[in-house]
Structure formats: C-alpha cells, structure tokens
Amino acid sequence: MPDDHEHDDHEPHDHAAHDHAGLAHVHAAPDTLGARLLVGVAINLGIFVVQIIGGLLANSLGLLSDAAHNLSDVVSLLLSYGANRVGKQPPSPVHTFGFRRVEVMVAFFNAAALIAIAAFVAYEGVVRLLHPVSVGGTTVMLVAGIGMAANAAAAWLLKGHGDLNARSAFLHLVADAVTSLGVVIGGFLVWALHFNAADALVSIALSAWMVKEAWGIVKSSVHILAEGSPEGLDFWEIAEAMEAEDGVKGVHALHVWSISSTEVALSAHLVVDDGRVSDLTTVVREVKGMLKERFGIGHPTLEVECAVGGCAGGMCALAVQDAERDLR
C-alpha cells in the first residue's frame, strides 16, 4: 500500500527539503545562544577567582562552596556551548536525526554534576557544624554580593531559550545567584550576631535547594533518552484525534517520542478505505497538519493500510491496548 514516504519522494524538491526527504528536518538552535554561553563562561571564571581569594581570606565555607559551584558552571556552560554547536550539524545518512540529542545528554550531565556538588557542600557544612571556625562576615558579604550580581546578569543572558540544554545552563546560573544570596545572608548573621554556624547552615540549606531544582532536569532528560512519550502530550488523546480525521478508520502501531527537548516524532499505521493514491495522500497530509497544529509534532511518519482484508476493526490494536489499560 502507498505510504507517506512514497508520497514525499514524488513531491517537488523545495517541499521535500522543508519536510524530511528521507532525513529528519532539524530546527537550528538560536544563533545567539552560543555567544551568550561564552559570555557566561567569562563571567563565571572571574567570579570563581574572586570567590576563591575571598573564601580563603575570610575562612568561609559558604564562599568556597560557591566558588566550586561557579567552577562547575564554567564546565557546564562550555559543555552547553559544545552541545549547541554540535546540535546545529545537519542530518546525515549515519545520523538521520542530526545531533539534537547531544543537548539532552549534556543537560543530564550538568544536572547530575550539580547534585554531586550539592552533596559535597552539604557534607562540608555538617563538618563545619561539628567543628566550628571563625568566619569573616564582612568579606563574605562583599564577595558573595559581587557573585550574586554577576550570576544574575549571566542568567539573564540565557533567559527565554527553551531547550533542555539551555535550561540546565540557566539553572546553574540561577542556582549560583541564589547560593550567593544565601551566603550574603549567612555573612550578615556572622557579622551582626557573631553566629559562625550560619555560614555552614546556609550552605546545607542551599545544597538541598540545588538538588531539588536539578532533579527535575535529570528526570526530564532520562525520560527523553528512554524514548518516553513527550511530557505534556497524552498518548490516547493523540490516537483519538488521528482516528477522528476524515478518511481514517483506525490507528495502530502508534509510537510518540522526543528527538530532543523541543522536537517530537511520531510513527503510526493508518487504516483507511481502499481508494486512489491521491485520495490517500490527502488523508496523510491532513493528519500530519493536525498533528503539527494541535500537538506540535513535527516529525510524523505514517504508513497507510487498507481496511479491506486488513485491520478493519476501527482502533485495531490500539483498541486492544486501551482495553488492557482499563483492566490494569
């Protein structure tokens, strides 16, 4: 039976280039993201040097842990920059979807590294509580305040970029800004109340916050890498919407997954009445348009099957899956 691949091969060349003539079309990452990531790298390198010096002078765990966090930002931003550049590479016969998944892998690594750093800082905070030391509150407030302002500026540069890679880099910078704010508060308590334990307590509290924020990105990236159905899309709603299209008698072998955090792919078998090839390709085109407009699915692959002598039972295997779902 005809399918949409055969139809695509006979369409004019310019339309095939727009869609996916044999290779998946991949949207280019924003042109300004790479430059902004490099600016973020420069800012965080400067903060790291200042906070290391200030932390040693003030004997502050809060500042030293914040400096370590900023160093992790330098690494994560460089990885994000690399993923951004690699992700712009066009599809090839070997990598037919391009390299968009690299940004997901980098996001996972960045978030996992943030959790590891948070665990280390929390451990050091507990050690400081058990073995208190004197902390220079004024120096802590000054240096942490500079770090907070610089990280907030770097985070602002990445605001609005929606892929998981940019979100993980943005989270690192926001976490640093919030961490620096916490260190400022801890420094104030040390300076005003001579409460040296505040430095360690703030570090522990901020570590817990970093883990909470990073865990969401870890879950999202693992979900994408494990070929899970895209978050925010309902598998059964998609199936029912496809079957509701004119000319479609049933849907089965439906698969929906994410190529990256911003691109969704779908493959399915459409059961239709016997008819002319031109009629069937119209049905396929209408289903594709609906999937793009209603669900944001830009990479649909649809195979057409004739209802006569085939899977003429409406929802076919999908109905069986639905029944099994209701029984669970």
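Bear in mind these aren't lab numbers, they're just calculated from the coordinates by the rules spelled out. Note that the structure is predicted; figures quoted are calculated from it, not measured. Heads up, the Cβs are rebuilt from the backbone with ideal geometry, glycines too, and the neighbour counts pull from every protein chain shown.
A few points about this structure:
- Segment 158-274: projected area of the alpha-carbon convex hull, averaged over directions, in nm²: 9.8
- Cα convex hull of segment 102-190 - mean projected area over all directions, nm²: 6.1
- Burial ranking of peptide ranges 35-47, 168-180 (average Cβ count within 10 Å, highest at the top): 168-180, 35-47
- Under 13 Å, Cβ to Cβ, from G62 - net charge with Lys/Arg +1 and Asp/Glu -1: -3
- Taking amide H as placed 1.01 Å from N in the peptide plane, the amide H of I259 sits under 5 Å from that of V264, A265, each at least 5 places away or on another chain.
- Note on K219: lysines with a C-alpha under 26 Å away, same-chain residues under 8 apart excluded, are K88, K159, K292.
- With neighbour counts taken as other beta-carbon atoms within 10 Å, the residues D66, D163 rank, fewest first, as D163, D66.
- The ellipsoid that matches the Cα gyration tensor of segment 33-225 has semi-axes, each √(5λ) in whole angstrom, of 34, 16, 11, with the longest given first.
- q = 0.14, 0.25, 0.30 Å⁻¹, segment 119-163: log10 I(q)/I(0) [Debye, one scatterer per Cα]: -0.59, -0.91, -0.96
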